[in-house]
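Contents: one structure, followed by commentary.
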Amino acid sequence: MNLSRSIRQAARGGGLPVVAVLVGLVILAMGLEAAGYSAADGLGALWRGSFGSWYAISSATLPRAVPLLFIGAGLTLAFRAGAFNIGAEGQFYAGAIAATWIGLHVGGWPAPLALIVVGAGALLAGAAWCVIPTILRVRFGVLEVISTLLLNFVATALVSFMVTGPLQESRRVYPQSDPIAAAARLPLLPGTRLHLGLPIAVVVCMALWLLYTRTRWGFRLRALGAGPRAAMITGRVPAGRYLAVALLGSAALAGLAGGIEISGVSYALFQNLSPGYGFTAIAAALLARLNPIGLLATSLLFAALEAGAGAMQRDAGIPSVVVSVVEAVILIVVVVADRWRGPGAGGSNQ
Amino acid sequence: MAGSGGRGVEPVTDFISLSSGFAEASVRVATPLALAALGEALAERSGVINLGIEGSMLSGALAAALAGGAWGPEWGLLTGALAGMALAAVFAAVAIGARANQIIAGTAVSLLGAGLTGAVYRRIFGSAGAALSIPTLPPLSIPGLDRIPVVGQALFGQALPTYLVYLSAAVIWYILARTRWGLGLSAAGESPEAARAHGIPVRRVRTIAVVSGGALAGLGGATLVLAQVGTFAEQMTAGRGFIAIAIVVLGGWRPWRVALAALLFGAAAALQFLFQALGTAVPYQFFLMMPYLLALGALAGRVGRVRAPAALGVDL
């Protein structure tokens, strides 16, 4: 019953993401032509850099999908509860700082243990970064949109301090950390840059899907997001606790994304580690309509855009930031077509 | 401040020049924040929370840099305001016209602003960017008033945009408190259904509020270029639009208080210059964090003391 309904929903919803992406790409092509670039060259490079070869898929697109999956999975949780966590970027960095610090100190540990400690540290750091916004929202009704957003900038400054201060590499020349211990690095698929983070992310998405569709908890979460007052008045949902769990859970997953980026991709902390994953993941989660299974596809899509953007810059001389425009257009198409509504900003700041 | 005396050379004049320098820097840094916050306050009083204000500021900054470099800084201000309006119009079309979620629409418009300005800037100046040098607005002193000790230069010896803050705070206050149209705008923000029942065109009023707010945000971004740094860099607004949203809360959605709240943020940022002048060992990154932490504290501290427009974020 439940399953057939979700399949029907998915089928009905399948058209919109395709339309949204096509609109985004058409606008990109028109913009490129208008700016004097060749749209064919640009889109060709976009394709080559993302899906054009096994190397592009395995070493450019898929590794970029991993952080989007973790962050996006967390955002489905927060958004379902009606909490706008726009601070995933900062939580990502909090997790990355923790993972780097731990990763530098676990040399000589058995690898599984080191990886578990790194992951746990990143999860906790991400959640910790969201404790204040969560308290402010749950206890005092302060908009989490703004508080989480503000902490992004604090996190960026903190990373800048860390890589020029306590975590700076031992020669004290470059603004980055030393590489983490080998034990703290995730195994790679041989011949690629694809790491173990991908299967873990897929498992997290499936677990969340089960949580949403198979448990009373997931159903109540949805009820809470749809109408907090009704859910509270009927007394069946302890709204504050659900909200807190959803916000902290989403932040923890964003932190884990940062930890896994350190442990699986960069092995070191530096500024601009994230090309805006925290914001791209919002688009991915909304395009997937907060469905963690749909997120598998939408994360891949946005990862391909990010990967292809690099190729556009290299091969066609097109500024890679144009993908932000494409993302914004996709987001606008989705939010307009779907009229996806959270509880909005109103009613929470009483 | 005791530290300045310790250096031994005429501690009293040292203190005065330091504090008038601090006051001057506070107002200068506060000016773009105040313009953006006044614009956001106008939109929020009509019931619309516009997160796209960051995008408006950023596009205002780039437009001001391009037009200011080509035709002079006054034209830069005007063009910046128009660019801010253009992004706000996109937001209004999505959030008011198509009735989409305001938070998501605002996030998308901020993203759009970052992408568009980055792409245009790199298209014109190459992917490494160029060290643009844009003529800045000269200070305009108001004779007499600028002689007031400590705060004279700060309040009455600034460039044009600071006077635009005074002007827009006064105009917004007057419109909201003294005109029928302003009452209609507040009604749209408090109770859109009732407002519509009384014949107020709620969505048109909200659109006008959002687009004029975008003009002020664009002006704020332009000010950053034309009265502060004299150049453009990608992402140079660095979240000032989001800080402006916190400033609106701190100022309780009332124009003069919003302008004062912006000054507090200007002072927090100016502390950085002061501490640098005094020579402190605290890493500069902690000063960078300060405005954001202050904004967070402001949000928390105002809980229960101010009341948001009742229908803020609520579609008609």
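None of the figures in this text is laboratory data; all of them are computed from the coordinates on show. Keep in mind it's a predicted model, so treat the numbers as computed, not measured. Positions of Cβ are generated from backbone atoms using ideal geometry, with glycine treated the same way; all protein chains shown enter the neighbour counts.
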Neighbourhood net charge (13 Å Cβ-Cβ; Lys/Arg +1, Asp/Glu -1) for B:Ala36
-2
Average beta carbon contacts from partner chains per residue of A:133-144, 10 Å cutoff
3
Of the listed peptides A:183-193, A:82-92, what is their order by residue-averaged count of other C-beta atoms within 10 Å, with the highest listed first?
A:82-92, A:183-193
Can you list the DSSP H helices in chain B whose Cα atoms extend at least 20 Å along the helix axis and whose mean Kyte-Doolittle hydropathy is 1.6 or higher?
none
The range B:224-284 shape via C-alpha gyration tensor axes, a/c threshold 1.5:
oblate
Would you mind giving the average projected area, over all directions, of the Cα convex hull of chain A in nm² with one decimal?
18.7
With just the Cα atoms defining each centre, how far is the range B:266-286 from the range B:209-256? Give it in Å.
22
The correct pair for the range A:64-122, radius of gyration to one decimal and Dmax as a whole number, both in Å and from Cα atoms, is 13.8, 44
Where only C-alpha atoms are counted, convex hull volume of the range A:20-130 per residue in Å³
165
Local electrostatic count, A:Ala78, Cβ distance below 13 Å [Lys/Arg +1, Asp/Glu -1]
+2
Given contacts defined as C-alpha pairs under 8 Å and at least six residues apart, what's the relative contact order of chain A, whole-number percent?
35
Percent relative contact order for chain B, counting Cα pairs under 8 Å at least six residues apart, stands at 35
Rg/Rh over Cα atoms for the protein assembly as shown, Kirkwood Rh, comes to 0.97
Calculate the mean, over all residues of peptide B:113-124, of how many other protein chain Cβ atoms lie within 10 angstrom of the residue's Cβ.
6
As a check on your grasp of the helix formula, calculate [θ] at 222 nm for chain B: sum -39500 (n - 2.57) over DSSP H runs of n ≥ 4, divide by the residue count, round to the nearest 500.
-23000 deg cm²/dmol
Highest mean first, how do B:277-290, B:21-34 rank when packing is the count of other Cβ atoms within 10 Å averaged over residues?
B:21-34, B:277-290
List A:Trp54, B:Trp173, A:Trp129 from most exposed to least, where exposure is judged by having the fewest other Cβ atoms within 10 Å.
A:Trp54, B:Trp173, A:Trp129
Which value in deg cm²/dmol, rounded to the nearest 500, describes the helix-derived mean residue ellipticity at 222 nm for chain A, given -39,500 (n - 2.57) per DSSP H run of n ≥ 4 and division by the residue count?
-22000 deg cm²/dmol
Given unit charges at Cβ for Lys, Arg (+) and Asp, Glu (-), the dipole magnitude of the protein assembly as shown about its Cα centre in debye, nearest 20, is 2160
Kirkwood Rh and Cα Rg combined as Rg over Rh, evaluated for the range B:65-119:
1.10
Low-density loop positions, trypsin sites (Lys or Arg not before Pro), the range B:242-307 - DSSP coil, at most 10 other Cβ in 10 Å
B:Arg305
Compute the signed sum of charges (Lys and Arg +1, Asp and Glu -1) over the other residues within less than 14 Å, Cβ to Cβ, of B:Ala88.
-2
Are there chymotrypsin sites (Phe, Trp or Tyr not before Pro) in the range B:61-127 that DSSP marks as loop and that have at most 13 other Cβ atoms within 10 Å, and which are they?
none
So what's the gap between the Cα centers of the range A:65-112 and the range B:56-119, to the nearest angstrom?
32
Which value does Rg/Rh take for the range A:192-338 over its C-alpha atoms, Rh per Kirkwood?
1.02
Which of the peptides B:80-90, B:104-114 is most tightly packed, and how do the rest follow, judged by the mean count of other Cβ atoms within 10 Å per residue?
B:104-114, B:80-90
Other protein chain Cβ atoms within 10 Å, averaged over every residue that makes up B:90-102:
4
